[in-house]
Structures are given as structure tokens and as C-alpha cells.
Amino acid sequence: AVAAVAGAAAAVTLRRKRDHAKSAAGSKKPMEAQEEAAASLRAAWEAEKKVDMMAQLIYKKRSADDFVVHLEGAQEMPKYVVVAIFSIGGKSFTHMRTLLGRYRKVIDLFAQDRPHDVLDVLLGVWGAHLDKFMMAFACVLEAGIVTDADALRWCARPEGTRALCRSRAAVLWAVAESSMAACCGVGLVCGLPYQHCLAAGVIIAVSGRFG
């Protein structure tokens with residue numbers, strides 16, 4: 001069961017590694033391309049093993065303080081804990097809220113005033129499942145880990161707007177529409193600069209989503 005949870009979190013990473021390796025192969029010598037592809041796959045499998053290890057500790061209900069001590073000085077490890085939290089929490093609102101509350105210290109250690117990183121991880125875990133993503137997104141908003149203003153800035157990044165315009169990614173559209181409605185509903189008292197909302201609004205209008 002733990003392996004299945006970790007596998008769901010790492011599947012997107014593995015696919016991206018394989019796609020990257022294939023695209024690189026066309027511009028590199030065969031041997032060089034093969035070596036790069038093998039290294040990418042090894043890195044992806046190592047990441048999956050680390051997520052699995054963190055998931056097992058979560059299932060054993062290790063405390064947030066235990067994690068913080070264990071992760072001290074380990075730059076990448078907090079990310080694997082957050083991946084495991086989002087993966088396991090995907091069962092229900094109750095699971096997600098419980099894990100976000102229990103391991104808030106670890107999430108804060110990972111994010112460190114970088115809410116976009118949290119949304120990037122969430123996209124990596126549940127980007128292919130809109131309902132799961134939006135459930136988790138609602139929970140991180142509720143917990144104050146990210147704000148609607150953070151989410152709009154995340155969507156308004158160059159890579160985000162390209163995805164909105166080219167692939168019309170369901171997750172990014174849902175986040176943009178939800179957060180636009182929330183921000184506008186409170187008169188932008190969240191402090192989001194007007195140009196960010198304007199940029200997001202133009203993208204949505206051009207797409208025809210709002211007519």
C-alpha cells in the first residue's frame with residue numbers, strides 16, 4: 001500500500017524524465033543520450049524510494065518534531081515528505097487536513113515563504129487528477145499554507161501562462177478561476193497587484209472560458 005502511494009507521487013516524475021531523455025536523444029550522440037537517460041531514470045527511482053520511506057514514517061505516525069530533527073541539514077528531503085503527505089492525504093478531505101495539521105512544521109521547513117514550491121509539488125502529485133488536486137488545494141488554502149493571491153501569482157508565471165494558453169491545463173484553469181473569483185470577491189484586499197489579476201483575466205477572456 002505504501003509503495004502504491006509513493007508510486008502515484010513519482011509516476012509523473014518518471015514520465016517527465018523519460019520524455020526529457022527521448023527529446024535529448026535526437027541532439028546527442030547515441031551513447032551520450034543513453035547514459036543521460038539512464039542517469040535520469042536512476043535519479044527518478046531514487047526519489048521514489050525516498051518518498052516511500054517518508055510515507056512509511058507517516059503511516060507510523062512519527063511526529064513533526066521527529067521529522068524536523070531527522071531532516072535537519074537535508075536540503076531535498078523535506079520535499080519528499082511533502083510529496084508523501086499530499087499522496088497519502090489524497091484519500092479524503094479529512095486525511096488531508098489531518099496530515100497538513102500534523103506535519104505543518106515540515107511543510108513550513110520546505111516552503112520557507114515559497115508557496116509556489118508547495119503548489120509545484122501538489123501539481124506534480126495530483127496534476128493528472130483535477131478533483132484530487134482541487135481538494136488538496138482547498139485544504140492548503142484553508143490551512144493558510146498558500147493564499148489565493150499566491151495561487152494567482154503561480155498561474156501568472158511565464159511557464160503557467162504558457163500552459164494555460166497552449167494546453168489549457170484543467171488544473172491551472174481551475175486554480176486561476178477559483179482564485180480570481182476569491183480575490184475579486186473581497187475587492188483585492190489580499191494586496192495582489194492589479195496587473196497580476198489583469199494578466200490572469202486577459203488570459204481567461206482570450207480563451208473564451210468566460211465568453
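The values are calculated or read from the model by the stated rules, or taken from the named source; none is laboratory data. No experiment lies behind these values; they were computed from the predicted model shown. Just so you know, the surface numbers come from the protein's heavy atoms only, side chains and all, with ligands and any DNA or RNA stripped out. Shrake-Rupley method; radii C 1.70, N 1.55, O 1.52, S 1.80 Å.
For residues that are aliphatic (A, V, I, L, M) and at pLDDT below 95, scanning just the stretch 89-110, find the one that is nearest to the chain's Cα centre (by Cα).
Taking the candidates together, the pick is ILE107.
Report whether or not TYR59 is open to solvent by less than 10 Å² (accessible area, probe 1.4 Å) and on the phi < 0 side of the Ramachandran plot.
no
Could you tell me whether the stretch 111-129 includes any residue that is of a type in the set (Gly, Ala, Ser), modelled with pLDDT of 90 or more and not in a helix (DSSP H, G or I)?
So far as the stretch 111-129 goes, no, none of its residues is of a type in the set (Gly, Ala, Ser), modelled with pLDDT of 90 or more and not in a helix (DSSP H, G or I).
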